[in-house]
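Where a number appears in this text, it was derived from the coordinates with a stated rule and is not lab data. The structure presented is a predicted model; accordingly, all values stated were derived computationally and were not measured. Cβ placement follows ideal geometry from the backbone for every residue including glycine, while neighbour counts extend to all protein chains displayed.
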Amino acid sequence: MNLEPADSDETRCARGGGPPDFTTRSSAPAIWQTTAFDVQSLDQLDAIAAGREKGYLYTRDGNPNHDAFAADVAALEGAEAGVVCASGMGAFTACLLALVGQGDHIVASRVLYGRTVQLLNHLQAAFGVRVTFADAARPEEFARAVTGATRLAIVESISNPLMEVADLPVLAAAMGAVPLVVDNTFATPCLLKPLEHGARLVFHSASKYLNGHGDVMLGVAVGESATIRRVKGMASLFGLNSNPFECWLASRGLRTLPLRMRQVSQTALDVARALQRHPAVQRVYYPGLDDHSSREIAGRLLPRGAGGMLAFELAGGRPAVNALFQALGEIPFSPTLADARTTVSYPAGTSHKFMTASERQACGIGDGLVRLSVGLEATADLQQELSRGLG
Ligand SMILES: *Cc1c(COP(=O)(O)O)cnc(C)c1O
């Protein structure tokens, strides 16, 4: 009998979570809530430290719960290896520390998670790393920005908050030998696997969809083994590591990722279409809609659905947003996303408040923009609540 490993996301997720613990016969994975791991001999210490023997020494350097989650995400992304960090920001920081040094250069999409932009600006100001911001919709800008010192380019697979889909094969080609690093938080590997499209390193805020239940802070990066070894080394050195329980929770959340992504993609498309018809809504941003600027790219890269995130612009600006948030009793205003429940957020005041008003304006984030993270509720209930809230 030919026992090929499972190759559908559903089966991989349902059966993941690490090997069962045969000593206790526990069906569910254990939580290795420990600071350190006892060592039997000096020879064993050397063998584990050198990687000749499988094992762990100290949880900042590695823990079975870290590895179970990282390995599952790596398998879903089609990567050789993965590493977990304490948050999405921690994962990106570890990637930067592994790939970039003083005097080096980064090409970055102009539209990124606000804190990512803030981090890149801090690298420029404090550590002499140069950053060129370029328009991800114009790959020629990325190509033109590359110099001999360029170490990486960073884009989001689906950008926050206008849901622009990065044309990854074209951007990867534009970068040549320079690695394209993709923040795949919004798409997840169930909808898009960036490594299949030329990306070299992928990271996530696992606080969002990968965990999916709004109760974990976690990040993960996946890619080639040699690169991930360096990223892991930096995570350990700078103390960016996660803890066992967060990994265990996220690993549990990951079991239902394919089901959740299919459902939120369907509901978000229905909700986006209903919002388009509402008179108080000036514009809806969802890559599954025919009028979205990324529609053609989404058709190629997101055939399974465009995810659960959408944004819409209210004609009445900030006061209209405030009135909507007051009226939405059951849909909370929460500065996160990808919870099981639907939440609304205000990019100009949360994820992008670290940008100046003119920077926000330049990337199309207006004062009337609302971001909706579509959850697992019934579509009809969401449509009714939104319609009532919009008046
Ligand atoms: C939340 C988020 C991050 C940061 O992740 P944390 O887990 O909050 O540190 C990065 N990128 C995107 C797209 C996000 O939504």
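Would you please state the base-10 log of I(q)/I(0) at q = 0.14, 0.17, 0.22 1/Å for the range 252-391, with intensities from the Debye formula using one equal scatterer on every alpha carbon?
Each listed q maps to, in turn, -0.64, -0.95, -1.48.
Straight-line reach from residue 353: which aspartates and glutamates fall under 13 Å, measuring Cα to Cα and dropping same-chain residues less than 8 apart?
Within reach: 367.
Can you tell me the convex hull volume per residue for the chain, based on C-alpha atoms, in Å³ to the nearest whole number?
Expressed per residue, the convex hull around the Cα atoms of the chain is 158 Å³.
Note down the magnitude of the dipole of the chain about its Cα centre, charges +1 on Lys and Arg C-beta and -1 on Asp and Glu C-beta and zero elsewhere, to the nearest 20 debye.
Charge dipole, the chain, about its Cα centre: 480 debye, nearest 20.
Can you check how the C-alpha radius of gyration of the range 42-254 compares to 2.2 N^0.38 Å, as a plain ratio?
Output field value: 0.99.
In which sequence would 252, 300 go, from the one with the fewest C-beta neighbours within 10 Å to the one with the most?
300, 252
Take residue 102, project a point 7 Å from its Cα along the Cβ direction, then tell me which residues of the range 224-244 have their backbone nitrogen under 11 Å from it.
Taking a point 7 Å out along Cα→Cβ of residue 102, no residue of the range 224-244 has its backbone N under 11 Å.
Sort 246, 164 by Cβ crowding within 10 Å, fewest neighbours at the top.
Ranking 246, 164 by Cβ neighbours within 10 Å, fewest first, gives 246, 164.
Cα convex hull of the range 81-145: how many Å³ per residue?
Given the Cα convex hull of the range 81-145, per-residue volume reads 101 Å³.
Using Cα-only point scatterers and the Debye equation, what is log10 of I(q)/I(0) for the range 79-188 at each q in 0.16, 0.18, 0.21 Å⁻¹, rounded to two decimals?
-0.69, -0.89, -1.24
What residues have an amide H closer than 5 Å to that of residue 205, excluding those fewer than 5 places away on the same chain, when H is modeled at 1.01 Å from N in the peptide plane?
Counting only residues 5 or more places away or on other chains, the set is 185.
Only helices at least 20 Å long along their own axis, judged from Cα atoms, and with Kyte-Doolittle mean hydropathy of -0.5 or greater: name those in the chain from DSSP H.
Counting only whole DSSP H runs, the qualifying helices are 257-276.
In the range 324-363, which residues have a backbone nitrogen under 17 Å from the label point lying 7 Å from residue 377's Cα in the Cα-to-Cβ direction?
324-346
Using only alpha-carbon positions, what ratio does the radius of gyration of the range 303-365 give when scaled by 2.2 N^0.38 Å?
In units of the globular-protein estimate, the range 303-365 measures up at 1.23.
Arranged from highest to lowest average of other beta-carbon atoms within 10 Å per residue, in what order do the peptides 172-184, 277-289 appear?
The most tightly packed comes first, giving 172-184, 277-289.
Let me know the Rg and Dmax you get for the range 1-84 when you use only its Cα atoms, in Å.
14.9, 43
With the alpha-carbon atoms as the only input, what is the per residue convex hull volume for the range 335-391 in Å³?
Spread over its residues, the Cα hull of the range 335-391 gives 82 Å³ apiece.
By how many nm would the segment from residue 353 to residue 237 grow when fully extended, if each residue of separation counts as 0.36 nm and the alpha-carbon distance is taken off?
38.7 nm
Short version: what are the Cα gyration tensor semi-axes of the range 271-344, square root of 5 times each eigenvalue, largest first, in whole Å?
24, 16, 9
Give the separation of the Cα centroids, the range 52-110 to the range 354-387, in Å.
30 Å
Stretched out fully, how many nm does the piece from residue 37 to residue 225 gain, at 0.36 nm a residue minus the Cα gap?
65.3 nm
Looking at the P(r) of the range 42-111, how many percent of alpha-carbon pairs lie beyond 21 Å?
Here the long-distance tail beyond 21 Å is 44 percent of all Cα pairs in the range 42-111.
Quick one: length gained pulling residue 60 to residue 325 fully straight, 0.36 nm per residue minus the C-alpha distance?
Result for the pair: 91.3 nm of gain on full extension.
Return 312, 354 ranked ascending by Cβ neighbour count within 10 Å, so the fewest neighbours appear first.
354, 312
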